[in-house]
Amino acid sequence: MDIEDTLLMIPGPVKVAPRVLRAMSKPMMSHRSPEFGAIYEDCKTLLQEFFMTKNEVVIMSGSGTCAMDAAIGGLMDRDGKIVAATNGKFGERFTEIGDRYGSAIPVNFEWGMPFQPDSIEAAIEDGVKALAMVHNETSVGIINPAETVGKIARKHDLPFVVDGISSIGGNEFLTDAWGIDVAITGSQKCLAVPPGLAVVAVSERAEDRLVEGCGSYYADLRAHIKSARKKPAQTPYTPAVPLFYALQEALHMAKEEGFDVRRKRSQRLAASVRAAAGALGIEIFPVKGEFSEYSNTVTAMKTPSGISDDKLRGGMKKHGIVVSGGQERLKGKIFRIGSMGVCSEGDILRTIQTLEMVLAKEGVIGELGAGVEAACKVLDG
């Protein structure tokens, strides 16, 4: 099937609106010009509202991992330590980055299981420079308790670093109210921009603690903040200019819709996917508890018995729907459907309908329609 006829329902990169794609086709401009500086300033203003913060915002050319690297590399020296709470693949990435710049103290929970805040606090020891976590763990579809962990960070006077890459703009994410010192997102998630930009909101407290001579040259937060404050605003190195065009257009689209309206749409779409899963006898993978919620931006479900991952996702792809599988230890055990960015009700219903067709073909369900009906009840409610 032609890629233009394919519906991308993975948790990033997500579908990009034609309006945003057209914006990328504008003529190139100098990244040191007043015109580019005006785009950067406009994006920063809108991003502060998007992040719900008054903190400094910088835009980096790179994926969300680039921003994670910048945050940890900026706060740690070779003798420093970072506590990283983990219940999925991307939480483990904080541990891996921390070990590159100093040493990480991982607080590991089983993938998809809730955090236990007492265990996170117990891991804090002398030499710890920051506390890091993922808010929406994309690999397992779980929301972790940033507000609760933020209180622990404040209690111990530690900068609080939060990966909000698949969360900001789709789940509730209160950067300032939760005391988040470094908040991170990527362009290819809830912003619905092609991959290639990372956004970092940095508090004054975190900025004051950025080390001199950051271990990373390119991802040096000090350099990015310094350039962003210039008149006109700049990046320290050559940026992906067309992606700035796209980001500005996407932010204006989100503003026109309403940032809160967009978050509520993601919430409604994810609820409809879960309802459809229940009607089809598919079990949601992560465990919801006192310190966890189901994600609004990606739903992780256990692969039903009687069908392989290849047949489920491969069958859907033959009908033009691309969904994600599990990563690493969860490969072949779960599949994931995204519901962020400009994802629509029609996208969700087409996805559920296609899932039903594949399940029926493989004999997993006997009749069609239960999943779509359940999803429609949520969407029409």
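The values are calculated or read from the model by the stated rules, or taken from the named source; none is laboratory data. Everything numeric in this text was worked out from a predicted model, so none of it was measured. Here the Cβ positions follow ideal geometry from the backbone for every residue, glycine too, while neighbour counts run over all protein chains shown.
Some points to look at:
- Output for region 148-197, where each listed residue is surrounded by fewer than 24 Cβ atoms within 10 Å (Cβ to Cβ), closer than 13 Å to L131 by Cα and either out of contact with any helix residue (DSSP H, G or I) (no Cβ under 6 Å at 6 or more places or on another chain) or free of Cβ contacts under 8 Å to residues at least 24 places away in the same chain (or both): G150, K151, R154, K155, H156, D157, L158
- Single residue of I352, I337, I284, I365 found to be over 19 Å from the mean Cα position of the chain (by Cα), among the aliphatic types (A, V, I, L, M), within 20 Å of V14 (Cα to Cα) and surrounded by 17 or more Cβ atoms within 10 Å (Cβ to Cβ): I352
- Scope region 46-61; condition assigned to a loop (DSSP other than H, G, I, E, B) and surrounded by fewer than 19 Cβ atoms within 10 Å (Cβ to Cβ); matching residues: K54
- Region 217-250, subset in contact with a Cys (Cβ under 6 Å, 6 or more places away or on another chain) and of a type outside the set (D, E, K, R), residue nearest to P13 (Cα to Cα): L247
- Any hit, region 12-20, residues being touching a Lys or Arg at 6+ places or on another chain (Cβ under 7 Å), of a type in the set (K, R), farther than 23 Å from I337 by Cβ and outside any loop (DSSP other than H, G, I, E, B): no
- In region 247-269, the count of residues that are surrounded by 20 or more Cβ atoms within 10 Å (Cβ to Cβ) and assigned to a loop (DSSP other than H, G, I, E, B) is zero.
- Matching residues in region 167-224 - criterion: being in a loop (DSSP other than H, G, I, E, B), more than 17 Å from T235 (Cα to Cα), of a type in the set (S, T, N, Q) and under 12 Å from the mean Cα position of the chain (by Cα): S167, Q188
Listed here are the residues, each with its yes/no results for (1) closer than 15 Å to D163 by Cα; (2) in contact with a Pro (Cβ under 7 Å, 6 or more places away or on another chain); (3) not assigned by TED's automatic domain parsing to the domain that holds F94.
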{"site": "D42", "(1), (2), (3)": "no, no, no"}
{"site": "T45", "(1), (2), (3)": "no, no, no"}
{"site": "E56", "(1), (2), (3)": "no, no, no"}
{"site": "S61", "(1), (2), (3)": "no, yes, no"}
{"site": "T65", "(1), (2), (3)": "yes, no, no"}
{"site": "D69", "(1), (2), (3)": "yes, no, no"}
{"site": "D77", "(1), (2), (3)": "no, no, no"}
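- Scanning region 67-118 for residues that are assigned to a helix (DSSP H, G or I) and aliphatic (A, V, I, L, M) turns up A67, M68, A70, A71, I72, L75, I97.
- Screening K318, K331 for residues that are free of Cβ contacts under 8 Å to residues at least 24 places away in the same chain and not aliphatic (A, V, I, L, M) leaves exactly one candidate, K331.
- Residue within region 250-271 that is outside the structural domain of G141 (by TED's automatic domain parsing), touching a strand residue (DSSP E or B) at 6+ places or on another chain (Cβ under 6 Å) and within 18 Å of S166 (Cβ to Cβ) present: yes
- Screening A38, A104, A85, A67 for residues that are under 19 Å from A198 (Cα atoms) and touching a strand residue (DSSP E or B) at 6+ places or on another chain (Cβ under 8 Å) leaves exactly one candidate, A67.
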